[in-house]
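Remarks on the structure that follows.
Read the figures in this text as sums done on the coordinates, not as results from a lab. What you are looking at is a predicted structure, and each value in this text was computed from that prediction instead of being measured. Note that each Cβ is placed from the backbone with ideal geometry, even for glycine, and that neighbours are counted across all protein chains shown.
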Amino acid sequence: MLDAKQAILDEHHRRFQTLHQEGRWEEAIHQIHVTLRCAADLLDESLRVLDEAIETHKGIPSDRSAPPPPPTTT
C-alpha cells in the first residue's frame with residue numbers, strides 16, 4: 001500500500017514540476033495542494049504502519065484505555 005501511495009505522490013509531484021516549468025502558475029498552485037494532500041496521506045499511512053509494527057513487536061494491545069492487570073503473587 002505504501003508503495004502505491006508513493007507512486008501516486010511521485011506522479012503528482014512530476015505534474016507540479018511540469019506545470020511550474022511551463023509557467024502555468026494557477027494550475028501549478030492547484031497541483032501543489034493536491035501533491036501536499038497526497039504527501040500527508042502517505043505520511044499518515046506510514047505512521048499507522050509504524051505504530052502497528054511497534055505494537056506487534058512490543059506485544060502491546062491496540063486498546064490502551066484499560067490499564068494492564070496487576071502482577072500476580074504466588
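Details
- Scoring 51-57, 16-22 by mean Cβ neighbours within 10 Å over their residues and listing the highest first yields 16-22, 51-57.
- Sequence-ordered 3J(HN,Hα) estimates for segment 4-10 from the Karplus curve with 6.51, -1.76 and 1.60 and θ = phi - 60° stand at 5, 5, 5, 5, 5, 4, 4 Hz, glycine and proline given as x.
- Environment charge of Arg37, counting only residues whose C-beta is closer than 12 Å and scoring Lys/Arg +1, Asp/Glu -1: -1
- Separation of the Glu11 and Ala53 label points, Cα + 7 Å toward Cβ, nm: 2.5 nm
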